[in-house]
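The values are calculated or read from the model by the stated rules, or taken from the named source; none is laboratory data. Remember, predicted model here, so these are calculated numbers, not experimental data. Positions of Cβ are generated from backbone atoms using ideal geometry, with glycine treated the same way; all protein chains shown enter the neighbour counts.
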Amino acid sequence: MSNTEALIAHYVTQHAPTGRWHAHECGVGAFAIDAQGRWFHEGTPIGREGLVKLLASVLCYEQGQYLLKSPSETCPVEVADSPFVIVAWQYCELAPTLGLGPTLIAQDNLGRLWPVCGEFPLVLKSYQGQLVPYLMLNYGLSARVGRSVYYQWAELAQSQGEAFVLTSADTPFVIG
């Protein structure tokens, strides 16, 4: 196991093996996720965090569509922007013991932790007419970096010409 794989194994929450499931579409109503990462069923907010985490564990993005998948059902999900938002971060205390440089650990709006690395890279995408960093997750999913986290990371970034580069787990990422 590589150093980065060990880091990922330590932090990343298990996700269901949705890539192996190929069930027919269900008819349990409309699911949606708004631009702030809030989940809805038939227009009503889903307030139970445990239920949202369960749904997130079977969410995937396949062939241009967000889906909730189980072995017996597949339900489409309307997503306004990105299903998750990075709301906090910390430096990884484990990285030096693995021989890695300073590593950022991003926390999404469900409290899950993601090491910013080659496996979970930062990419720039357009959001409301601005280029904003997104953390690319597994199963085709992503998390938009929230404004406060973006400004904190911008203070850490190094200017390289017109770009701002943030390095995490020895990998450089352009964030602006």
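Among the residues of the stretch 47-71, the ones that are surrounded by 15 or more Cβ atoms within 10 Å (Cβ to Cβ), of a type outside the set (Gly, Ala, Ser) and not in a strand (DSSP E or B) come to 3 in all.
Selection of first residues in the stretch 150-176 that are in the same structural domain as residue 123 (by TED's automatic domain parsing) and of second residues that are surrounded by 17 or more Cβ atoms within 10 Å (Cβ to Cβ) and of a type in the set (S, T, N, Q), restricted to Cβ pairs under 6 Å at least 6 apart or on distinct chains, gives the following pairs, ordered by first then second residue: 168/103; 169/103. For the stretch 17-34, the criterion of being of a type in the set (S, T, N, Q) and either modelled with pLDDT of 95 or more or under 28 Å from residue 103 (Cα atoms) (or both) is met by no residue.
Of all residues in the stretch 2-25, those that are acidic (Asp, Glu) and not in a helix (DSSP H, G or I) total 1. Hey, does the stretch 22-32 have a residue that's closer than 11 Å to residue 77 by Cα, of a type in the set (A, V, I, L, M) and surrounded by 12 or more Cβ atoms within 10 Å (Cβ to Cβ)? Yes - at least one qualifying residue is present in the stretch 22-32.
Considering only the stretch 43-56, I want to know if a residue exists there that is among the hydroxyl-bearing types (Ser, Thr, Tyr) and at pLDDT 95 or above. Checking the stretch 43-56: at least one residue is among the hydroxyl-bearing types (Ser, Thr, Tyr) and at pLDDT 95 or above. Would you please name the residue that is nearest to residue 105 (Cα to Cα), looking only at residues in the stretch 3-54 that are charged (D, E, K, R) and within 16 Å of the chain's Cα centre (by Cα)? The residue in question is 53.
Rundown of residues vs (1) touching a His at 6+ places or on another chain (Cβ under 8 Å); (2) of a type outside the set (Val, Ile, Thr); (3) assigned by TED's automatic domain parsing to the domain that holds residue 109, yes/no style:
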residue	(1), (2), (3)
27	no, yes, no
31	yes, yes, no
40	no, yes, no
43	no, yes, no
46	no, no, no
50	no, yes, no
57	yes, yes, no
62	no, yes, no
69	no, yes, no
